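Input: a single structure, listed below in structure tokens.
The values are calculated or read from the model by the stated rules, or taken from the named source; none is laboratory data. All figures in this text were calculated on a predicted structure; none of them were measured in a lab. Cβ sites come from the backbone with ideal geometry, for glycine too, and all protein chains shown count toward neighbours.
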Amino acid sequence: MQSLSVETTKPLSEAEEMIRTQLSAVGFGILSDIDLGATLTAKLNKSVGNMKILGACNPQFAYEALSTDRSVALLLPCNVVLDETDTGTRISIPSPEVLMPGRPDITEPVTDLLMTALGALGDVIIG
């Protein structure tokens, strides 16, 4: 899936604090927090490493999107994935344009906000 991502040398816990702060600064709140690594280890006794999913939401853009198409609720909240690597943490967010094609009125400003939040942590990779 096409995403916006950034890699940092910080461990996952520090990277999480940083992205929470940056998302908040551009109007996103965190609605959910899933420790995927711990959950899969507990439920299946299998490891995917240290990985978390934060459910982020910008209320204004969520409302605008829902006002035009209620099925957008299937995409909410927006997943922010933190995946600890050998050299730090990779933070990835699905590309809004891929999730809502044909709605640049919503996806372009959301992409700009997410790029600002991620860009505060390093060079953003689009891919």
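A few points about this structure:
- A single entry from D35, D105, D69 fulfils the requirement of being farther than 25 Å from G127 by Cβ, among the acidic types (D, E) and at pLDDT below 95: D69.
- The requirement of being more than 22 Å from V124 (Cα to Cα) and not polar (S, T, N, Q) is not satisfied by E17.
- Candidates I30, I53 - the one that is at pLDDT 95 or above, over 10 Å from L82 (Cβ atoms) and not aromatic (F, W, Y): I30
- Residues in segment 47-85 that are of a type outside the set (K, R) and farther than 20 Å from S95 by Cβ: S47, V48, G49, N50, P59, Y63, S67, E84, T85.
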